[in-house]
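The values are calculated or read from the model by the stated rules, or taken from the named source; none is laboratory data. All of these numbers come straight from a predicted model, not from anything done at the bench. Cβ coordinates were reconstructed from backbone atoms using ideal geometry, including for glycine residues, and neighbour counts include every protein chain displayed.
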Amino acid sequence: MKLLDPIVAWRDDISQIRRDIHAHPELAFEEFRTADVVAAKLEEWGIEIHRGLGGTGVVGIIRGDRPGERAVGLRADMDALPMQEANTFAHASKHAGKMHACGHDGHTAMLLAAARYLAQHRDFAGTVYVIFQPAEEGGGGAKRMIDDGLFTRFPMEAVFGMHNWPGMAPGQFGVTAGPIMASSNEFSIVVKGKGTHAGMPNLGIDPVMAAVQLAQSLQTIITRNRNPLDAAVLSITQIHAGSADNVVPNHAELRGTVRTFTLEVLDLIERRMEEISRHTCAAMDCEVEFTFQRNYPPTINHPEEAAFCADVMRDIVGDDKVNDHVQPTMGAEDFAFMLQELPGCYVWIGNGVGDHRAAGHGLGPCMLHNGSYDFNDDLLALGGTYWVQLALKRLAKP
Ligand SMILES: [Zn+2]
Ligand SMILES: [Zn+2]
C-alpha cells in the first residue's frame, strides 16, 4: 500500500479530530461546532476558507504554486443522525439521541488530512476545492450548497465523493460506472370514504377495503410495468385506518418509499402509482389524495471519472484490492445532486467488519446507521492519500 508518509505521520492528530467530532455529533444544518472545527483546522494550515454555503457548509481553496486554470472538488459530509449511540468508549457521543453512525466524522477527517497535505505540498498547477457539506442524511445539504452557488462561485471541472463501507475489508475500494446508489422518494395515499356503523357497511363507503386492494395492486407496477432488467423497489411501510372494531372509518392512509436507479423508471412508477390509486379508489367509490415526494435522485457515476478513480485506487492499494464493478445498493446519497451538475464519481472505502472498535463498543454490528457503529481510524491515511492522489492526478491529466 503506497500511503503518503506525512499523512501516516499525522495519524494521531487526525484521529483525535475524528474522535472529537464523533463525540460532538450535530444534526442536519446544525453542524455549527463541526464547521468551526473544520474551518479552524483549514485556517491553521494556511488554507483560504469560505463559510455559510448551505448554512453550515465550508469550502477550502488550495491553489497550486504553478499557474493553472483547472480546478477539482473533493467533498465530505459533516452531519450526524438522530439516534442513540450504544458505544460507551471514551469518544462516544456526548449528546443523547445524536450519533455519528454513518461515519461522516471519518469522512470529514479524511478530507482534512488531504487538505493539510495539499496545503503543504503545493507543487501542482490548478486549484483543489475541499467541500464540507451539511445535512447529507435526508436534508439535501449538497443541493443547498449548489443553490448557494457552490459551482458558480468556485468553478471546477469535476467533483468527487467517498463513503466508508462496512463489510468491505479495510484497504479495499469499491466503485462502478453508472448508478451506485438509488433515488429515494416517499409517497402518501389518503383514501377517503364515508364512515359508518361497521354492522351496517352498506350505509357508508369503506376506505379500508380500497386501501387493501391498492396495496396489492401497486406491486403490479414492479412485476408488470417495470422492465425486469431495471432495479426498483416499492415498499408500503405504513397503513393507518380506524380507531374502533365496530366503526368503518372515514379514511385510510398508505405511506412508503420508492427506490430506483434511473429517473425514467421513477417517472414510470410515479405515473402508474397515481393512475392505479385514482382508478382503484374510483372503482370503490372513494376519493383519493395522492402525494409523491422526490427526495434524492439516483447517484450516477460518470464512466470516465469512475475509470479514473479506479486507476487512482489501484496505484495506491494494488489491482486486487479494487472492485471496479461493485454491486450498487438501494440506499441513497445526496452527492447525487452534485453528479447531476458536474462530471464526477462517488466511491466506497472498506470500513471492515468492526474488529477495529475500541473496548466498550455496543454489541450490535458495525453497520451504517447502527448504534454500535464506529468509523475505522485505520482508513484515515488511506482515505487522505486517495484524495490527494486523485486531485493531483486529475489536475495533471491532459
Ligand atoms: Zn447515512
Ligand atoms: Zn453517510
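Details
- Consider the stretch 77-99 and keep the residues that are within 16 Å of Glu30 (Cα to Cα) and in contact with a Ser or Thr (Cβ under 7 Å, 6 or more places away or on another chain). The one that is surrounded by the most Cβ atoms within 10 Å (Cβ to Cβ) is Met78.
- Residue check for Gly178: at positive phi and either modelled with pLDDT under 95 or not aromatic (Phe, Trp, Tyr) (or both): yes
- Identity of the residue in the stretch 100-136, of a type in the set (Asp, Glu) and crowded, with 21+ Cβ neighbours inside 10 Å, that ends up farthest from ligand 2 (Cβ to nearest atom): Asp105
- Listed by position, the strands (runs of 3 or more DSSP E) inside the stretch 222-337 whose residues that are buried (at least 17 other Cβ atoms within 10 Å of the Cβ) and of a type in the set (Gly, Ala, Ser) number at least 2 are 232-241, 251-260.
- Test: residue in the stretch 369-392 that is assigned by the TED database to the domain that holds Met145, part of a helix (DSSP H, G or I), touching a residue at least 60 places away in the same chain (Cβ under 8 Å) and within 16 Å of ligand 2 (Cβ to nearest atom): yes
- For the stretch 99-127, filtering for residues that are farther than 20 Å from Ala9 by Cα, of a type in the set (Gly, Ala, Ser) and more than 16 Å from ligand 1 (Cβ to nearest atom) leaves 2.
- Positions within the stretch 356-376 being closer than 18 Å to Ala80 by Cα and among the aliphatic types (A, V, I, L, M), in sequence order: Met367, Leu368
- Put simply, of Leu339, Leu363 the only residue that is of a type outside the set (Val, Ile, Thr), over 17 Å from Arg75 (Cα atoms) and touching a residue at least 60 places away in the same chain (Cβ under 8 Å) is Leu363.
- Members of the stretch 227-251 found to be closer than 29 Å to Pro201 by Cβ and touching a Gly at 6+ places or on another chain (Cβ under 8 Å), listed by number: Ile236, Thr237, Gln238, Asn246, Val247, Val248, Pro249, Asn250, His251
- Across the stretch 11-40, the number of residues qualifying as under 21 Å from Asp378 (Cα atoms) and either hydrophobic (A, V, I, L, M, F, W, C) or touching a residue at least 60 places away in the same chain (Cβ under 8 Å) (or both) comes to 13.
- When Gly141, Gly161, Gly167 are checked against the criterion of being within 16 Å of ligand 2 (Cβ to nearest atom) and touching a Pro at 6+ places or on another chain (Cβ under 6 Å), a single residue qualifies: Gly141.
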